[in-house]
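Down below is the structure, laid out as structure tokens.
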Amino acid sequence: MKNLFLRFVVCAFVLLMVSCDKLTKATDFITQPTAREIYARNFKTDSIPYTLWKTAFTNALKDSLTIASPYLESGRFNPERFPVYSYDFRLERGRSYTFALQTDTLNPLVFIDLYEKTSDSLAYFNLIEQAEYNSKKLRFSTKKEGNYKIVVQPQLGAQSTFTFSLSSTLAYSFPVAGISEKAIQSYWGASRDGGKRSHEGVDIFADRGTPVLASVDGIVGRTGNRGLGGKQVWLRESLFGNSLYYAHLDSIIARDGLRVKRGDTLGLVGNTGNARTTPPHLHFGIYGRGTGAINPLSFLKQETRLKTAEVDADAPLDYLIKNKVANLRNSASAKAKKIGVLNRNDTIQVLGVVNDWLHIATQDSQRAYIHQSLVKPF
């Protein structure tokens, strides 16, 4: 009888756990909790370590370090110091960005949050994307340029080496076959007609008859031989809602209303219209719906690929300033804005390494970059 009762209790407990798990999943499906909210379920609200962990995150939003894609930083999480990594950067239209973190075999949880900066004094940061729970990668494309902040924070007690990278890829492919952005010789904003107007696009020089390609899937809106652009093709795409303008063509291959795929030939490079006195080239322009002309360069410019950095798991985390004075910068560059000064024998904590620069925290918890030549191990 006792065994029967015990079995009943065990079964009831299992059913309760399964039911609770299903209820949690159902509730999560409706409420869509953030990765941080899911993680918070592991702690009591008055837990001191968890409170300090949350405070470190809140303070990181005040940091003003600036990075640009591509960016690569390596280092080691120190579980005793509640590490948080916060960076300002600018997102450009026409690119797909990837924030990725690699850790060692201990594989700690890492939270990646993307904020858009706003002009609202009460809510200066607006959370717009967050990596999924258990994911160390966040991909994001924007339809508008703007200032953003990325915040990276490992779980409580994380003890791991890491490599953090920011990279971007093109949303559009290059519109002229067989060449790259090196063939661009006239850029956005260049003066035209003695300063009466400015260049609303880029000119890509190539041999006459070189295929002009659809940079993205879309529908040919119209074609024709008219005005300054001569023989031209307009391509409508749905990815960003833009219209792509191909002008000065030698001949037109596409036709009105044709649905095309990325890489399909729309026409051939020429110098028709007002380009008759110049070498053959493609004038490539982008026009946003309701926003007018857009600088195409960010849609076309390839990005340098950075090699994955090797992480020294035994490298010291504490250093001393060895020079009389040492400038602190907001970016890993000698040309970056100066945001502070340290003196000889001041101590710093190393958060990461970027080429010959250290990403550091001062004794006053200020985040900055400092050149490696200015420090020595503590």
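What the table below lists for this structure:
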| read-out | value |
| --- | --- |
| Neighbour net charge for Ala100 - beta-carbon separation under 10 angstrom, K R +1, D E -1 | +3 |
| P(r) histogram, all alpha-carbon pairs of the stretch 304-364 included - 10 Å bins from 0, percent | 19, 51, 25, 5 |
| Restraint check, Lys117/Lys231; Lys136/Lys324; Lys62/Lys376, Cα-Cα greater than 32 Å | Lys117/Lys231; Lys136/Lys324 |
| Normalised convex hull volume, the stretch 264-305, alpha-carbon set, Å³ per residue | 151 Å³ |
| Residue among Pro175, Pro33, Pro211 with the largest mean-square fluctuation in a Gaussian network model of the chain, springs linking Cα atoms under 10 Å | Pro33 |
| Shape box of the stretch 29-99 [Cα atoms, principal axes, largest first, Å] | 43, 36, 21 |
| The stretch 102-181 - Kirkwood radius from inverse mean 1/r over Cα pairs (Å) | 15.4 Å |
| Taking the convex hull of Cα positions in the chain, its mean projected area over all directions (nm²) | 28.1 nm² |
| Choice from Glu132, Glu80, Glu303 with maximal GNM fluctuation in the chain (Cα, 10 Å cutoff) | Glu80 |
| Acute angle (nearest 10 degrees) that the helix 2-31 long axis makes with the longest principal axis of the chain, alpha-carbon atoms | 30 degrees |
| Most mobile of Leu138, Leu342, Leu101 in a GNM of the chain (Cα contacts under 10 Å) | Leu342 |
| Where a label projected 7 Å from the Cα of Leu106 along Cα→Cβ would reach, residues of the stretch 353-370 with amide N under 18 Å | 353 |
| Whole-number Å³ per residue for the convex hull built on Cα positions in the stretch 116-254 | 202 Å³ |
| Net length gained if the chain between Lys301 and Lys322 were fully extended (0.36 nm per residue, minus Cα distance) | 3.5 nm |
| 4 °C / 1.567 mPa s Stokes-Einstein diffusion coefficient of the stretch 135-188, Kirkwood radius on C-alpha pairs, µm²/s | 81 µm²/s |
| Per residue convex hull volume, Cα atoms of the stretch 202-323, in Å³ | 218 Å³ |
| Per residue solvent-accessible surface (Å²) - the chain, probe of 1.4 Å | 55 Å² |
| The chain, accessible surface, carbon-and-sulfur percent (1.4 angstrom probe) | 52 percent |
| Base-10 log of normalised Debye intensity for the stretch 333-378 (one unit scatterer per alpha-carbon) at q = 0.14, 0.25 Å⁻¹ | -0.29, -1.01 |
| For the stretch 48-150, radius of gyration divided by Kirkwood radius, i.e. Rg to Rh on alpha-carbons | 0.96 |
| Approximate shape of the stretch 275-378 as ellipsoid semi-axes (Cα gyration tensor, √5λ), whole Å, largest first | 44, 16, 14 |
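The values are calculated or read from the model by the stated rules, or taken from the named source; none is laboratory data. This structure is a prediction, so every number in the text was calculated from the model and none was measured. Glycine also receives a Cβ, built like all others from the backbone with ideal geometry; neighbour counts cover every protein chain displayed. Ligands, DNA and RNA are excluded from the accessible area calculation, which covers all protein heavy atoms including side chains. Shrake-Rupley method; radii C 1.70, N 1.55, O 1.52, S 1.80 Å.
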